[in-house]
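Heads up, the thing below is written out as structure tokens.
The values are calculated or read from the model by the stated rules, or taken from the named source; none is laboratory data. As the structure is a computational prediction, the values presented were derived from the model and not from experiment. Using ideal geometry, Cβ is built from the backbone for each residue, glycine included, and neighbour counts are taken over all protein chains shown. With ligands, DNA and RNA removed, areas are computed over all heavy atoms of the protein, side chains included. Shrake-Rupley method; radii C 1.70, N 1.55, O 1.52, S 1.80 Å.
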Amino acid sequence: MPRILPPLLLISDDRVLADQARQLLTYNALECTVLTTSSDCSKAPLCRWLKNAPLNHSGRVHALLGEAVEVLDRTRHAFRSSELGRLRKRLEQALGELPPPED
């Protein structure tokens, strides 16, 4: 079975350096997400890699639901439970229905 590596993530608050990295990664056909601001993050505004602002109540709920979904997704092959799969899907749906958290 081939080993599945986690996606690469490069974080830099230096936009020029980040642009150079993107060019090099593209040139070398390497798949990597490059973040320079928290809004670049696919989980924005919950992404706290570039700023350490505390989450408000809505942000904490989003983060907690997101973490639960990620754990259930990562461990789905270990437990093979249809009940846990349904729970993960319900949590994903609830997360999608919630209004986006405010910073």
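Structure notes:
- A single entry from R22, R76, R15 fulfils the requirement of being open to solvent by 70 Å² or more (accessible area, probe 1.4 Å), within 20 Å of K89 (Cα to Cα) and modelled with pLDDT of 75 or more: R76.
- Members of region 25-61 that are open to solvent by less than 50 Å² (accessible area, probe 1.4 Å) and either at pLDDT 80 or above or in a strand (DSSP E or B) (or both): L25, C32, V34, L35
- Inter-residue pairs, beta-carbon under 9 Å, first open to solvent by 50 Å² or more (accessible area, probe 1.4 Å) and in region 80-91, second at pLDDT below 90 and not β-branched (V, I, T), 6+ apart: L84/L72; L84/R76; L87/A68; L87/L72; L87/S81
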